[in-house]
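K.L.:
The structure that follows is given in the form of structure tokens.
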């Protein structure tokens, strides 16, 4: 059990916490309780994670990232394959949903880690 903030920090804590969605202080405890709900307290170092609420910031960033990734792919798909309109409705919703879920967890972890480090 860690006693204070300085004992818990180590180089690369933010990178590790973002990559593996871990506590920004210790890098050991899980950040999430379920798919996207941030835990109230880290089970490893007992950091109060509730005060690092980032709201809808992660979803906004993911929307912009998805726009930058998907729009060029849609245009390329349209140019090269010239598919029927129904093909777009078949292909792009699952791609957007899966990419959104894949990106949302680490983006949210990055915002929580930056908020913890005092960069927000």
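No lab work stands behind these numbers, since they all come straight from the coordinates. Because the structure is a prediction, the values reported are computed rather than measured. FYI the Cβ positions are ideal-geometry reconstructions off the backbone, even for glycines, and counts take in every protein chain you see.
K.L.:
Expressed as a rounded percentage, what relative contact order does the stretch 5-116 have, with Cα pairs under 8 Å and six or more residues apart?
P.N.:
This gives 32 percent for the stretch 5-116.
K.L.:
Among 117, 39, 51, 108, which comes first, second and so on when ranked by fewest other beta-carbon atoms within 10 Å?
P.N.:
With the sparsest Cβ surroundings first, the list reads 51, 117, 39, 108.
K.L.:
Taking the 0 to 90 degree range and rounding to the nearest ten, how far is the long axis of helix 57-81 tilted relative to the main principal axis of the chain, both from C-alpha atoms?
P.N.:
30 degrees
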